[in-house]
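What follows is a short report on a single structure.
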2 protein chains.
Amino acid sequence: MEMNEKKVPEVVIKRLPRYYRYLKELLNQDIRRISSNALSEMMNVTASQIRQDFNYFGGFGQQGYGYNVEYLINEIGNILGLNDGDTMIIIGAGNLGRALANHNSFIKRGFSLIGIFDNDNRIVGSSINGIKVRSDQEIEDFVRENNVDIAILTLPRAAVHDMAKRLTSCGIKGILNFSYSELELPESVPVENVHLSDTLMTLSYRIKQQKEKN
Amino acid sequence: MEMNEKKVPEVVIKRLPRYYRYLKELLNQDIRRISSNALSEMMNVTASQIRQDFNYFGGFGQQGYGYNVEYLINEIGNILGLNDGDTMIIIGAGNLGRALANHNSFIKRGFSLIGIFDNDNRIVGSSINGIKVRSDQEIEDFVRENNVDIAILTLPRAAVHDMAKRLTSCGIKGILNFSYSELELPESVPVENVHLSDTLMTLSYRIKQQKEKN
């Protein structure tokens, strides 16, 4: 793949997982080739937008003939690092941690969950989705020994910043933070903060707009 | 509040919940007034971006003197419909439904959860966070009688589209969809699709970029 020299804009990066999902869906339906127009209609973005986005990564093949779906999945998967088999741990085995441990779409995307940690002795030693819950005291050793890529944090907000420091010091590669608190770390350790209530607020906005129309 | 006539761009709508969160955080720290420069630094967007965003809604007061935090929270909250006390139900009382029922940030944002539904008779009748789990057969009556605003779907993907039809026909105002399947409904019923694995894929991309730097 020929990589374009231009810096890929944030919005394009954010769209890549969506492309990946739609293309996987096409392959599930045994659709092997798709024109940018058909993809555009399905995804509700313009065909020229799609071509522009893809051009950041070399274009992915001819437009006239359409895109090869499997090739595209593989290329975008590579760009997203989905073929690297990143390992994950979940820290915080409460309701959300438990839900995420059972979230099959993570596994389908090539990530493997190899550890779950909590500081509550009542649940340490139990199993979630076949994985033993360990004491949070073991985190540093575990991350080092297993060269863990990603830590998913579902902790009370008060505990997040300390935990992030501990993880950074033992070499974690990135953090997915579901705790309410906004987390920022040195550029070398990327963080994605997930705010579930943001989406709810956006929905609330749209509902209000609809109500005002009527 | 003087409403600007221009259509508010999607990106601005998406930023509103983030402004709301940061401003709430300031108020928690008893900070009552903030300049667009200080807000800009905190939120990592330019001050001119903030002013542009706010101008879609009339500007929210003078720049030189700074913004009144409480006033801003109230105005943005109004725009987001957070002062309307929207009611919610959760459909699907599995791990994720259970986690969301216990997710306090939803309640803090002014939404009230008034019902949980499932089709599994083994859990119908039990309670989650003080709310009784009802049979999914009761959904239509419940939505009509209680004039429910929002349904949160945490269902297997195969069940989502039928459920959305049922909800639309009994007058739901909006849907927050956590099921893997992308849901689209008539414009009159807004939908927000949450794809937890998209964020994980974005993180994976950033980790890969970092690895390639080293």
Item to complete: Give me a count of the residues in region B:6-24 that are touching a Leu at 6+ places or on another chain (Cβ under 8 Å) and without any contact (Cβ under 8 Å) to a residue 40 or more places away in the chain.
Response: 1
Practice prompt. State whether one or more residues within region B:4-20 are within 18 Å of A:Glu182 (Cβ to Cβ), open to solvent by less than 90 Å² (accessible area, probe 1.4 Å), away from every other protein chain (no Cβ under 12 Å) and modelled with pLDDT of 90 or more.
Written response: no
Discussion item. When you scan region B:77-95, do you find a residue that is at positive phi and open to solvent by less than 20 Å² (accessible area, probe 1.4 Å), even just one?
Written reply: yes
Worksheet entry | Failed condition for B:Ser169, given (1) closer than 22 Å to B:Glu145 by Cα; (2) among the hydroxyl-bearing types (Ser, Thr, Tyr); (3) facing another protein chain (nearest Cβ under 9 Å) | (3)
Item to complete: Hey, could you check region B:177-196 for residues that are open to solvent by less than 30 Å² (accessible area, probe 1.4 Å) and either of a type in the set (D, E, K, R) or closer than 16 Å to A:Leu23 by Cβ (or both) and say which is nearest to the other protein chains (Cβ to nearest Cβ)?
Response: B:Glu192
Worksheet item: under 14 Å from A:Asp118 (Cα atoms), among the polar types (S, T, N, Q) and not in a helix (DSSP H, G or I) - does that describe any residue in region A:149-158?
Response: yes
Worksheet item: For region A:193-208, does any single residue satisfy the condition of being within 28 Å of B:Val8 (Cβ to Cβ) and in a loop (DSSP other than H, G, I, E, B)?
Response: yes
Practice prompt. Determine which single condition B:Ser127 fails, assuming it passes every other condition in (1) without any contact (Cβ under 8 Å) to a residue 12 or more places away in the chain; (2) surrounded by fewer than 16 Cβ atoms within 10 Å (Cβ to Cβ); (3) within 18 Å of the chain's Cα centre (by Cα).
Written response: (3)
Worksheet item: Would you say A:Phe178 is closer than 24 Å to B:Leu100 by Cβ and under 16 Å from the mean Cα position of the chain (by Cα)?
Response: yes
Item to complete: Tell me which of these B:Thr199 doesn't satisfy, since it passes every other one: (1) of a type in the set (Val, Ile, Thr); (2) facing another protein chain (nearest Cβ under 8 Å); (3) buried (at least 20 other Cβ atoms within 10 Å of the Cβ).
Response: (3)
Item to complete: Scan region B:82-100 residue by residue and report those that are facing chain A (nearest Cβ under 8 Å) and more than 19 Å from B:Ala164 (Cβ to Cβ).
Response: B:Leu82, B:Asp84, B:Asn95, B:Arg98, B:Ala99
Item to complete: Enumerate the pairs (first residue in region B:139-167 and among the hydroxyl-bearing types (Ser, Thr, Tyr); second residue anywhere and assigned to a helix (DSSP H, G or I)) with beta-carbon separation below 6 Å, excluding pairs fewer than 6 apart on the same chain, so at least 6 apart or on different chains.
Response: B:Thr154/B:Leu96; B:Thr154/B:Gly97
Fill in: Residue match in region B:157-168 (condition: of a type in the set (Ser, Thr, Tyr) and at pLDDT 95 or above)
yes
Practice prompt. Would you check which residues across region B:32-58 are under 16 Å from B:Val8 (Cα atoms) and open to solvent by less than 10 Å² (accessible area, probe 1.4 Å) and list them?
Written response: B:Ile50, B:Asp53, B:Phe54, B:Phe57
Practice prompt. Give A:Tyr67, A:Tyr71 a once-over and let me know the one that is open to solvent by less than 10 Å² (accessible area, probe 1.4 Å) and either within 29 Å of A:Asp118 (Cα to Cα) or among the aromatic types (Phe, Trp, Tyr) (or both).
Written response: A:Tyr67
Worksheet item: Of all residues in region B:127-139 being of a type outside the set (S, T, N, Q) and part of a helix (DSSP H, G or I), which is nearest to A:Arg98 (Cα to Cα)?
Response: B:Asp136
Worksheet entry | Test: residue in region B:134-146 that is more than 21 Å from A:Asp198 (Cβ to Cβ), more than 14 Å from chain A (Cβ to nearest Cβ) and among the small types (Gly, Ala, Ser) | yes
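The values are calculated or read from the model by the stated rules, or taken from the named source; none is laboratory data. What you see is a predicted model, and the numbers here were worked out from it, not measured in a lab. With ideal geometry, Cβ positions are generated from the backbone for all residues, glycine too; neighbour counts draw on all protein chains shown. Calculation scope for accessible area: heavy atoms of the full protein, side chains included, ligands and nucleic acids excluded. Shrake-Rupley method; radii C 1.70, N 1.55, O 1.52, S 1.80 Å.
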